[in-house]
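The values are calculated or read from the model by the stated rules, or taken from the named source; none is laboratory data. Quick caveat: nothing in here was measured; it's all calculated off a predicted structure. Ideal geometry is used to build each Cβ from the backbone, glycine not excepted, and the neighbour counts take in all protein chains shown.
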Amino acid sequence: MMKISHINLSIFASTTVSDQLLDRVADTFSDIPRISVTKLRIRIRLEDNFSFEEVFGSIEKIRANTKISEEEFLILLTDKTNASNWFSAFNQSYPKNIFIQTTDWDNFVYLDESLAVSSQIMNNILQSFIYESVELELIHGHPIGCINDFCGWKPDIQLKMKTGDICPECLNVLQAKLEDIVLRDVGKLLSKIRDMMVFHSDKRRQSLPDFETTMHTPFALTKRKISTTTDSLRKTLYAIDHFDVITKILIYYYLAKEYTEEDQRQFLNQNRLIGRIPLGRWVAALGIIGRNEEVFQKIYNIADNERIVNLRNKHRGHGYIDCCDRTYDDTFLNLNNSLTQIESLLMDLFEQYKLIRILAFERINNYNYKLKYNELTGSNLMLIEKTTITQNNLNPVVNRIYLADRNFSAIHGIFPYLIFDQCPQCKHDRLMIKDGQQYVDIYKGHFVQLQN
């Protein structure tokens, strides 16, 4: 079988997609010699919640009417949602017919929508080639940072786009179908998108939401998840998770800063923060600390006045789910307002302290170390390595997490309350928070047991 030496694709759009977006998508491929893009000035009408059968039927009609070759990819860009809530898909019966959703990308990636769409175009083209050879055999249900990751949980799309990679198994299939020069061009495009994803540009940093440049990662992860859905009930549940993490992390920060290890254990035992711990018990502990810490008291008062624990029990612990989604609109708005007040109280903490993960260290003298570390700020899990000189005699432990003041003159170990380790359930390195005898994968929500 002759290998493919050139990829041709035509793009067109539904009626409400701008010409400018089509132009920007085509421009993304303009410096990729072995991939040619043709813009069709054809429009089709779609409504939200369309079915795969409907959209692929429309694409096939356009192919027939325009006499586009069966060897050429025909790709529809649409700002309408689909019934399966997918980013995109190719038709398994005719894999060169593809649709891509152009909207809602800002809920998942901080990237110009044209680059997100271009990434999906390239992923679907490569996935269709793989499908023609091995069908769904190589699709990755758990994300590994490959173009063939399924990303059934939408935020996982970040990993695929940030790595810009093709795993060895998928690459073997593609090498049997595509000339090496085509694969090099594919790599060039994926690298272009990846470079825009890893936050190298100061201009792009300025466009990020404030919480992505200020909040410590545990808080930012749960806050970011709230924006990944438009469903009010799910937003409410994610917001409860956000409050849960805020409460636990603040208590752990306080213990790390103010107590010895023995006193920490005594505090947790006295306040029954062991075993399976209800949220109300964590909030009560927040109030106890609040007797000496004004910010803790204010946060406790907000939680108590707004009855957040009762809200959690009603919607997650002890209540039934209402049949009408709109019932939760006001519930979420009220809870989100409370969380906004709480977040504003945390700004001084984020300004005074960094959350860091130590990667390596070198002793310089009796009191100072040269540290390599990741700064855990924002929800971006592609962590950037930094270096500093400490001004204290801490004995750092590699891969542990610390709370450090801005000058690194004081560093407080957060172990074992907050760790960076492999999640036993999904087999990926995750940031995990201790909850009684278990840990919670903050990103995925997995409850897991870890070996000592």
Query raised in the report: When only residues in segment 72-84 that are surrounded by fewer than 19 Cβ atoms within 10 Å (Cβ to Cβ) and touching a residue at least 40 places away in the same chain (Cβ under 8 Å) count, which is farthest from Ser51 (Cα to Cα)?
Result: Glu72
Query raised in the report: Which condition number does Leu355 fail, the rest of (1) out of contact with any Leu (no Cβ under 6 Å at 6 or more places or on another chain); (2) within 15 Å of Met215 (Cβ to Cβ); (3) buried (at least 16 other Cβ atoms within 10 Å of the Cβ) being met?
Result: (1)
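If a residue must be within 28 Å of Glu71 (Cβ to Cβ), assigned to a loop (DSSP other than H, G, I, E, B) and either touching a Phe, Trp or Tyr at 6+ places or on another chain (Cβ under 8 Å) or not charged (D, E, K, R) (or both), how many such residues does segment 93-145 contain? Working first, answer last.
Taking segment 93-145 as the starting set, the residues that turn out to be within 28 Å of Glu71 (Cβ to Cβ) are 93-102, 114-140.
Still in the list and also assigned to a loop (DSSP other than H, G, I, E, B): 93-96, 102, 135-139.
With the extra rule that they be either touching a Phe, Trp or Tyr at 6+ places or on another chain (Cβ under 8 Å) or not charged (D, E, K, R) (or both), the set shrinks to 93-96, 102, 136, 138-139.
Count: 8.
Suppose the filter is under 25 Å from the mean Cα position of the chain (by Cα) and of a type in the set (Ser, Thr, Tyr); does Ser118 pass it? Before you say what the answer is, go through the steps one by one.
Numbers: under 25 Å from the mean Cα position of the chain (by Cα): yes; of a type in the set (Ser, Thr, Tyr): yes.
So Ser118 passes the test.
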Query raised in the report: Considering segment 110-141 alone, what residues qualify as being in contact with a Leu (Cβ under 8 Å, 6 or more places away or on another chain), surrounded by fewer than 24 Cβ atoms within 10 Å (Cβ to Cβ) and polar (S, T, N, Q)?
Result: Ser114
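Looking only at segment 64-82, decide whether some residue is aromatic (Phe, Trp, Tyr) and assigned to a strand (DSSP E or B). Walk me through how you get there before you give the answer.
First, pick out the residues of segment 64-82 that are aromatic (Phe, Trp, Tyr): 73.
Those left that are additionally assigned to a strand (DSSP E or B): 73.
Looking through segment 64-82, at least one residue is aromatic (Phe, Trp, Tyr) and assigned to a strand (DSSP E or B).
If you scan segment 339-352, which residues turn out to be free of Cβ contacts under 8 Å to residues at least 60 places away in the same chain and in contact with a helix residue (DSSP H, G or I) (Cβ under 8 Å, 6 or more places away or on another chain)? Full working, then the answer.
As a first pass, look at segment 339-352 and keep what is free of Cβ contacts under 8 Å to residues at least 60 places away in the same chain: 340-341, 344-345, 348, 352.
Those that are free of Cβ contacts under 8 Å to residues at least 60 places away in the same chain and in contact with a helix residue (DSSP H, G or I) (Cβ under 8 Å, 6 or more places away or on another chain): Gln341, Leu345, Asp348.
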Requested in this report: Quick one: which strands (runs of 3 or more DSSP E) lie wholly within segment 305-421 and hold at least 1 residues that are modelled with pLDDT under 90 and within 23 Å of the chain's Cα centre (by Cα)?
Outcome: 385-389
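Every residue, every condition in (1) surrounded by fewer than 19 Cβ atoms within 10 Å (Cβ to Cβ); (2) among the hydrophobic types (A, V, I, L, M, F, W, C); (3) closer than 23 Å to Val448 by Cα, yes or no:
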residue: Phe332; (1), (2), (3): no, yes, no
residue: Leu335; (1), (2), (3): no, yes, no
residue: Met347; (1), (2), (3): yes, yes, no
residue: Tyr369; (1), (2), (3): no, no, no
residue: Ala404; (1), (2), (3): no, yes, no
residue: Asn407; (1), (2), (3): yes, no, no
residue: Gln422; (1), (2), (3): yes, no, yes
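Can you confirm whether segment 247-259 contains a residue that is more than 21 Å from Gln352 (Cβ to Cβ) and either modelled with pLDDT under 95 or in contact with a strand residue (DSSP E or B) (Cβ under 9 Å, 6 or more places away or on another chain) (or both)?
Of all residues in segment 247-259, those more than 21 Å from Gln352 (Cβ to Cβ) come to none.
No; the residues of segment 247-259 include none that is more than 21 Å from Gln352 (Cβ to Cβ) and either modelled with pLDDT under 95 or in contact with a strand residue (DSSP E or B) (Cβ under 9 Å, 6 or more places away or on another chain) (or both).
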**Report entry** Subset of segment 146-191 that is touching a residue at least 60 places away in the same chain (Cβ under 8 Å), part of a loop (DSSP other than H, G, I, E, B) and not acidic (Asp, Glu) - its residue that is surrounded by the fewest Cβ atoms within 10 Å (Cβ to Cβ)
**Finding:** Trp153
Query - Residue count, segment 31-56 (criterion: in contact with a strand residue (DSSP E or B) (Cβ under 6 Å, 6 or more places away or on another chain), under 30 Å from Lys3 (Cβ atoms) and in contact (Cβ under 8 Å) with a residue 40 or more places away in the chain) - result: 2
Query - Criterion violated by Thr16 - all others in (1) surrounded by 14 or more Cβ atoms within 10 Å (Cβ to Cβ); (2) touching a residue at least 40 places away in the same chain (Cβ under 8 Å); (3) farther than 19 Å from Ser191 by Cα satisfied - result: (1)
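When the residues of segment 189-236 are narrowed to those that are touching a His at 6+ places or on another chain (Cβ under 7 Å) and either at pLDDT below 90 or not charged (D, E, K, R) (or both), which ends up farthest from Asn336 (Cα to Cα)? Quick ask: steps written out before the conclusion?
Taking segment 189-236 and keeping what is touching a His at 6+ places or on another chain (Cβ under 7 Å), we get 222-223, 226, 236.
Then drop every residue that is not either at pLDDT below 90 or not charged (D, E, K, R) (or both), which leaves 222, 226, 236.
Details: Thr222: 13, Ile226: 10, Thr236: 8 Å.
Ranking the candidates gives Thr222 first.
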Query raised in the report: Out of (1) within 28 Å of Gly152 (Cβ to Cβ); (2) not in a helix (DSSP H, G or I), the odd one out for Val25 is which?
Result: (2)
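Residue-by-condition table, conditions (1) in contact with a Ser or Thr (Cβ under 7 Å, 6 or more places away or on another chain); (2) in the same structural domain as Tyr238 (by TED's automatic domain parsing); (3) among the β-branched types (Val, Ile, Thr):
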site	(1), (2), (3)
Val55	no, no, yes
Thr66	no, no, yes
Ser84	no, no, no
Phe99	yes, no, no
His140	no, no, no
Pro143	no, no, no
**Report entry** Members of segment 302-315 found to be in contact with a Ser or Thr (Cβ under 9 Å, 6 or more places away or on another chain) and in contact (Cβ under 8 Å) with a residue 12 or more places away in the chain, listed by number
**Finding:** Ile302, Ala303, Glu306, Ile308, Leu311, His315
Report task. Examine segment 238-257 for a residue that is over 22 Å from Ile442 (Cα atoms) and acidic (Asp, Glu), and state whether such a residue exists. Result -> no
Query raised in the report: Mind checking whether some residue in segment 31-46 is loosely packed, with under 15 Cβ neighbours inside 10 Å, in a helix (DSSP H, G or I), in the same structural domain as Asn91 (by TED's automatic domain parsing) and more than 32 Å from the chain's Cα centre (by Cα)?
Result: no
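If you take the residues in segment 1-13 that are touching a Ser or Thr at 6+ places or on another chain (Cβ under 8 Å) and polar (S, T, N, Q), which one is surrounded by the fewest Cβ atoms within 10 Å (Cβ to Cβ)? Explain how you work it out, then say what you get.
Going through segment 1-13, the residues touching a Ser or Thr at 6+ places or on another chain (Cβ under 8 Å) turn out to be 6-11, 13.
Next cut, polar (S, T, N, Q) only: 8, 10.
Working: Asn8: 17, Ser10: 20.
The extreme case among them is Asn8.
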